[in-house]
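Participant: One structure follows; several queries about it will come next.
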Amino acid sequence: EIDYGVLMVDADQRVLHCNHAARLQLRAGHPLMLEGEQLWVREEPDMLTLQDALDGARRRGLRRLVTLGQDALRRVVSVVPLSKAAGHEVGGACLLVLG
């Protein structure tokens, strides 16, 4: 069991996995939110920050630590590129760890 919120998203920001800790954090006003199976940001300015980190992970294999949200709702998210998960190809998938 991991005490951190962990999500895996595909190239279209569709959530492939979301653990219990992540679901709790996202329900509690985190700058990221789930709508169905899709990952979104609550504030428009965070969209570019998240998209840039995801693109860098997918295209160049870069790991990023990004800050999303404002003031008391500011949170750190780690973005990690994945090339394979559980032995399956997951083209363009990224792991997001909620700090």
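Participant: Give me P(r) over the chain, computed from all C-alpha to C-alpha distances, binned every 10 Å, as integer percentages.
Facilitator: Once binned at 10 Å, the Cα pair distances of the chain give 16, 54, 28, 2, 0.
Participant: Go ahead and set up a Gaussian network model of the chain, Cα springs under 10 Å, then flag whichever of Ala57, Ala22, Ala11 fluctuates most.
Facilitator: Greatest mean-square fluctuation among the candidates belongs to Ala11.
Participant: Further question on the same structure: May I ask you to derive the FRET efficiency for Asp71 and Ala21 from their Cβ-Cβ distance with R0 = 25 Å, giving the value to the nearest 0.05?
Facilitator: Numbers: r = 23 Å, r/R0 = 0.92.
After rounding to 0.05, the efficiency reads 0.65.
Participant: With the crude spin-label approximation of a point 7 Å out along Cα→Cβ, what separation in nm comes out for Arg63 versus Glu1?
Facilitator: Rounded to a tenth, the inter-label distance reads 2.6 nm.
Participant: In 5 Å bins starting at zero, report the fraction of Cα pairs in the range 25-75 per bin as a rounded %.
Facilitator: Over the range 25-75, the share of Cα pairs per 5 Å bin runs 4, 20, 27, 25, 17, 6, 1 percent.
Participant: At 1.4 Å probe size, with every protein chain present, just tell me what the per residue accessible area of the chain comes to in Å². Walk me through the numbers on the way to the answer.
Facilitator: Values: 6050 Å² over 99 residues.
Accessible area per residue: 61 Å².
Participant: Moving on to the next point. Mind checking the range 1-95 for GluC sites (Glu not before Pro) that DSSP puts in a loop (not H, G, I, E or B) and that have at most 10 other Cβ atoms within 10 Å? Working shown, then result.
Facilitator: Details: sites: Glu1, Glu35, Glu37, Glu43, Glu89; in loops: Glu1, Glu37, Glu43.
Of the GluC sites (Glu not before Pro), the ones in loops of the range 1-95 whose Cβ has at most 10 other Cβ atoms within 10 Å are Glu1.
Participant: Springs between alpha-carbon atoms under 10 Å, Gaussian network over the chain: tell me which of Leu54, Leu24, Leu32 tops the mean-square fluctuations.
Facilitator: Highest fluctuation among the options: Leu24.
Participant: While we're on this one: Would you mind telling me the share, in percent, of accessible area of the chain contributed by carbon and sulfur at probe 1.4 angstrom?
Facilitator: Values: 3080 of 6050 Å².
That fraction is 51 percent.
The values are calculated or read from the model by the stated rules, or taken from the named source; none is laboratory data. This one's a predicted model, so the numbers in the text were calculated from it and none came from an experiment. Heads up, the Cβs are rebuilt from the backbone with ideal geometry, glycines too, and the neighbour counts pull from every protein chain shown. Only protein heavy atoms, including side chains, enter the accessible area calculation; ligands, DNA and RNA are left aside. Shrake-Rupley method; radii C 1.70, N 1.55, O 1.52, S 1.80 Å.
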